[in-house]
Structure formats: structure tokens, C-alpha cells
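Below is one structure, written out as C-alpha cells; the observations come after it.
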Amino acid sequence: MNYKIYLYVFFTFLSIYTFSAIDFSKFLRVNKNIEARIIVFILSFAFSYLVTNFIYDFINCTKIF
């Protein structure tokens, strides 16, 4: 269970880094930079949740550790 927290932190930072490369302000109205950053954080938390649970379940099913 301890490594699940590390996976959450790692994939959260990784997804924030990768989603920040996409310019979400182009999809929003002019001067809505704060809303674009909020979208990046929400998408990163959702993505890190999905990836972490997938990897955690995969490790538990295959009994690697």
C-alpha cells in the first residue's frame, strides 16, 4: 500500500508536466488563463488517478512485488 502513494505523486507531477504542454487557453475565451490552469490540474488529477489504479491493480494481479 505504501507504493500507491508514491505512484499518485509521481503520476500527478508527470501529468501536470505533460498537460502543461497543451495550450488550453486556445479553447477558452480570451484572457482566461486561470481557467486553463484549472483544467490542467483537474485533467492531471484524473489522469494520475486512472494510471495509478491501473498500475496498482496490474501489480496486484500479477504479484510482481
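Assorted remarks:
- Between helix 2-19 and the chain: long-axis angle, C-alpha atoms, 0 to 90°, nearest 10: 30
- Computed over protein heavy atoms with a 1.4 angstrom probe, the accessible surface ordering of Ser25, Ser20, Ser15, largest first, is Ser20, Ser25, Ser15.
- Spherically averaged projected area in nm², based on the convex hull that wraps the Cα atoms of the chain: 4.7
- Carbon/sulfur fraction of accessible area - the chain, other protein chains in place, 1.4 Å, %: 71
- The angle between the Cα long axis of helix 33-62 and the longest principal axis of the Cα atoms of the chain comes to about 10 degrees, rounded to the nearest 10.
- In the assembled protein chains, Asp23 presents an accessible area of approximately 70 Å² (probe radius 1.4 Å).
- Computed over protein heavy atoms with a 1.4 Å probe, the accessible surface of the chain works out to 83 Å² per residue.
The values are calculated or read from the model by the stated rules, or taken from the named source; none is laboratory data. All figures in this text were calculated on a predicted structure; none of them were measured in a lab. All accessible areas refer to the heavy atoms of the entire protein, side chains included, with ligands and DNA or RNA removed. Shrake-Rupley method; radii C 1.70, N 1.55, O 1.52, S 1.80 Å.
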